1. Obtain the radius of gyration and the Kirkwood radius of the range 16-155 from its C-alpha atoms and give Rg over Rh.
2. First measure r as the distance between the Cβ atoms of residue 134 and residue 15, then evaluate 1/(1 + (r/R0)^6) with R0 = 45 Å and state the FRET efficiency to the nearest 0.05.
3. Multiply the residue gap between residue 156 and residue 24 by 0.36 nm, knock off their C-alpha separation, and tell me the result in nm, one decimal place.
């Protein structure tokens, strides 16, 4: 039984193809964002969605000083969370690429739901912009059609709170009473 479990675990790990992308965004008013995402390329197609990610983090600055951050492990049922990434093009979808509100990272289209003390990013039909402390940062806004590229970097290290923990074997039933 243990040998079978080991082989199943090893086969799953051997087929995984983790891919990591880094990105940065420059807004108006001295605002900027940088971040990274990771997913298993063996499990997704060309368009990567928010549910495909195993890791994600964004960190915002103004004139180089930190203003906020958000990581995937902060996701709740109330979090606004949409992501459309074109892995073939190495870029996030923006307005005009065929997806309604293509990016909503802890921020809805009105910019008022990133949480008290929170941080978020959004691309919608009006702009690409930030949310700080449940408020839309109008000063950060740029054209919603502006391209948003990313750079593949499979060696990038992500902070621990950016990633979901891998499933543990403890969740498997080891009941041997059934033969």
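1. Working: Rg = 13.9 Å, Rh = 14.8 Å.
Over the Cα atoms of the range 16-155, Rg/Rh equals 0.94.
2. Calculated value: 0.60.
3. Contour length minus Cα-Cα distance gives 46.1 nm.
Here, each number is a calculation from the coordinates, and none is a lab measurement. The structure presented is a predicted model; accordingly, all values stated were derived computationally and were not measured. A quick note on method: Cβ atoms are made from the backbone with ideal geometry, for glycine too, and the neighbour counts reach across all protein chains shown.
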